[in-house]
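What follows draws every value from the coordinates through simple rules; no lab data is involved. Quantities reported herein were computed from a predicted structural model and do not represent experimental measurements. Every residue, glycine among them, receives a Cβ derived from its backbone with ideal geometry; neighbour counts consider all protein chains shown.
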Protein chains: 2
Amino acid sequence: MKILHTLPAQDGFCMPAEFSAHSGCILIWPHRRDSWQNGAYAARRAFAELIGIISESEKVTVCARFEDYDSARESLPENVRVVEMSSDDSWARDVAPTFVTDGRSVRGIDWGFNAWGGLYDGLYFPWDKDNKMARKLCDLNDTDCYDQRDFILEGGSIHTDGQGTLLTTEECLLGKGRNPGMTKAEIGQRLRDTLGVKKIIWLRRGIYNDETNGHIDNICAFVAPGEVVLAWTDDKNDPQYEISKECLDILESETDACGRKLKVHKLPLPSPVHITAEECSGLDNMDGEPTRTPGERLAASYVNFYIANGSVIVPQFNDKNDSLAVEILSSLFPGRKVTGLRGGRDILIGGGNIHCITQQIPQPDGTIGV
Amino acid sequence: MKILHTLPAQDGFCMPAEFSAHSGCILIWPHRRDSWQNGAYAARRAFAELIGIISESEKVTVCARFEDYDSARESLPENVRVVEMSSDDSWARDVAPTFVTDGRSVRGIDWGFNAWGGLYDGLYFPWDKDNKMARKLCDLNDTDCYDQRDFILEGGSIHTDGQGTLLTTEECLLGKGRNPGMTKAEIGQRLRDTLGVKKIIWLRRGIYNDETNGHIDNICAFVAPGEVVLAWTDDKNDPQYEISKECLDILESETDACGRKLKVHKLPLPSPVHITAEECSGLDNMDGEPTRTPGERLAASYVNFYIANGSVIVPQFNDKNDSLAVEILSSLFPGRKVTGLRGGRDILIGGGNIHCITQQIPQPDGTIGV
């Protein structure tokens with residue numbers, strides 16, 4: 001592995017869209033006792049179900065701590081690779097490298113990671129194991145690695161269309177917990193230099209009460225060049241309405257890097273999901289204050305899906321809109337099988353969902369997947 | 001990774017000779033404080049020098065504990081892969097898989113490991129991290145893995161010529177610390193079934209005072225089909241003389257699996273090497289008794305070399321025979337560059353040498369290397 005101190009865009013590398021072909025996918029076996037209730041029992045079941053589906057169409061690597069290796073190995077199909085790697089938690093989207101390609105080879109970007117806000121408003125301390133993972137994953141896969149550790153970024157806060165357009169939120173990228181010394185213009189330039197994009201569409205805020213400071217991947221995602229899905233509610237009394245409406249207005253007034261107007265598909269949200277007292281009681285207190293309080297609203301969204309080579313996997317919340325979300329996504333991804341993951345709530349309790357726990361490795365040729 | 005419960009020989013797999021072509025080599029970054037003096041400082045320097053040489057002609061993977069990853073990564077060339085993996089110590093020969101091939105693919109064998117004798121006369125406790133490594137290394141490399149955990153064996157206790165002949169010692173394989181419930185015939189059959197060999201040449205004992213219970217790889221090794229090197233001394237007052245003479249008598253009276261008489265090349269030993277009080281003082285006491293006592297004789301031997309695709313690396317002990325060993329091996333490996341490793345003493349203090357800390361992964365086609 002070479003550590004590169006140049007800029008990907010200058011080297012001719014850019015980040016492909018998630019709907020382009022993948023050579024693999026990375027996840028982390030859950031273990032953190034204040035993120036996952038009851039020793040991560042239900043979360044592991046949900047992760048295993050998800051990994052089983054992804055592994056049907058791409059090579060999956062699962063990172064497990066030393067003490068969790070046997071648990072992961074026994075729970076997962078034999079075509080999944082399990083490797084030992086220490087982690088603080090299990091959000092591969094945010095701690096694994098962001099991969100870029102020049103059409104011939106793939107390289108990783110090692111961003112700085114500070115647990116979604118560091119000592120300002122981060123979600124745990126310490127986060128050193130997580131912060132070491134991107135470089136180690138590049139090493140593991142013999143992938144050269146761009147050193148961008150001086151810039152705090154999580155993979156969940158960016159989406160690209162692979163044609164020069166980036167989606168992100170001001171709430172997250174301009175917050176005080178990431179890069180407070182940088183202006184919006186400087187942050188935008190860094191995204192252009194590293195991800196090879198030409199146009200950045202800045203939404204204002206992410207999903208209501210999303211503890212990642214409004215990651216884009218929970219509220220809006222590209223489903224094709226020029227087309228996005230947006231998490232939506234028609235309930236004007238829900239604080240989410242105003243947020244989604246603001247996103248819609250921006251998206252409808254913007255054009256992408258190719259000058260296209262964006263086609264916005266509304267993806268209905270589930271009814272508000274609140275954590276129960278019983279669920280809270282299954283979360284250990286690791287740092288002096290409980291992670292969650294009974295009745296707290298969780299940032300549930302069907303937008304937090306993962307696009308695999310052969311499938312799209314979308315969380316389910318035992319909600320009336322579950323099947324509607326599957327139906328809408330099925331129409332948007334005609335070449336892929338769209339599957340609802342029953343354990344969506346078990347992942348949501350940890351603070352994110354399917355997209356947050358996966359990170360794709362693109363095929364270098366950038367072909368659009370099946 | 002598939003876990004296989006069949007027998008390699010029945011599946012058409014056998015262990016190639018070390019002088020056949022390799023696709024890679026595995027080592028473990030040293031860390032154990034009662035094996036390696038002064039925080040493994042000198043050992044790491046020796047390992048790094050060795051890895052630098054091997055990596056010129058094969059892909060090297062180095063396993064490092066979480067806390068040692070940065071040390072390994074900073075010390076090693078960028079074409080070396082460093083992966084996180086927990087270990088109790090650093091003897092890849094004995095804890096990594098033994099690889100077998102059928103000429104098309106490679107599989108690993110996961111032997112039981114009990115630290116060279118378990119609670120009977122093993123060298124440390126616990127050894128659970130070491131014992132998990134073989135399977136994890138197979139998983140890492142997507143190599144199917146034979147489950148032979150019920151049989152205690154270290155890679156350092158076997159040598160093959162790749163043509164059906166196995167060399168080993170009774171002192172090690174028939175000792176009470178490994179498989180006390182098995183007869184010599186049963187152990188021999190297990191070796192035939194797993195390594196695909198037809199003929200086993202049993203030497204009696206290994207190097208004098210070798211704490212591995214006389215591993216073959218410190219006293220005798222194949223250098224070509226039908227040819228071995230034997231660690232030798234002409235000093236009849238040295239307890240090693242009787243041991244080496246006994247080996248010579250057996251080797252000269254035996255034929256290999258192809259019916260050939262063996263050609264035995266004597267490889268002179270260095271003058272006896274004794275650990276100093278200063279060296280002992282650099283070893284931490286981890287389990288209530290010191291690993292070594294000042295003046296203790298160490299099992300130094302030039303036979304403990306590693307045959308890489310493009311080179312042979314042999315330990316040096318600052319001894320008058322150092323250059324003679326390089327010279328003899330150079331004549332026996334005309335296609336490879338034979339290099340003396342200055343840090344041989346630093347590795348020896350840990351209890352073994354170059355062969356003990358390396359494990360080759362064969363090329364599946366079994367071609368003989370350069």
| said: Rounded to the nearest 20 debye, what is the charge dipole size of the protein assembly as shown about its Cα centre when +1 sits on each Lys and Arg Cβ and -1 on each Asp and Glu Cβ? | reply: 1340
| Which order results if B:W202, B:W111 are arranged by neighbouring Cβ count within 10 Å, fewest first? | B:W202, B:W111
| message | Let me check against my output: what whole-number percent is the relative contact order of chain B, with C-alpha pairs under 8 Å and at least 6 apart? | response | 24
| message | Beyond 36 Å, how much of the Cα-Cα pair distribution for segment B:3-362 remains, as a whole percent? | response | 12
| note | Expected max-MSF residue from A:T293, A:T61, A:T143 in the GNM of chain A (alpha carbon, under 10 Å) is A:T293
| task | Over all alpha-carbon pairs in segment A:101-233, figure out the percentage whose distance exceeds 18 Å. | result | 57
| Sequence-distant lysines (8 or more away, or on other chains) whose Cα lies within less than 22 Å of B:K176 | B:K184
| query | Along its principal axes, what span do the Cα atoms of segment B:212-323 show, with the longest given first and each in whole Å? | reply | 50, 37, 31
| field | Distant-in-sequence amide H partners of A:S23 (H built 1.01 Å from N, under 5 Å) | value | A:I361, A:Q363
| request: Could you tell me which residue in chain B puts its beta carbon nearest the axis mapping B onto A, with the distance rounded to whole Å? | output: B:E84, 3
| Working from the pairwise distances between different alpha carbons, so that the mean of 1/r is found and then inverted, what is the protein assembly as shown's Kirkwood radius in Å? | 27.9
| said: Contact order normalised by length for segment A:291-370, with contacts defined as Cα pairs under 8 Å and 6 or more residues apart; what percent is it? | reply: 35
| request: Treat every Asp and Glu Cβ in segment B:1-139 as -1 and every Lys and Arg Cβ as +1, leave all other atoms uncharged, and give the resulting dipole magnitude about the Cα centre to the nearest 20 debye. | output: 220
| said: Please give the charge dipole size of segment B:225-318, origin at the Cα centre, charges +1 on K and R Cβ atoms and -1 on D and E Cβ atoms. Round to the nearest 20 debye. | reply: 460
| When a footprinting reagent is the concern and you count Cβ atoms within 10 Å, what order do B:C145, A:C25 take, fewest first? | B:C145, A:C25
| said: With 10 angstrom as the radius, rank A:E279, A:E186 by how many other C-beta atoms surround their C-beta, starting from the fewest. | reply: A:E186, A:E279
| message | Taking loop as defined by DSSP and a crowding limit of 12 other beta carbons within 10 Å, which GluC sites (Glu not before Pro) in segment A:102-176 fit? | response | none
| field | Out-of-range pairs (alpha-carbon distance over 26 Å; input A:K266/A:K320; A:K261/A:K320; B:K199/B:K245; A:K129/A:K198; B:K136/B:K337) | value | A:K261/A:K320; A:K129/A:K198; B:K136/B:K337
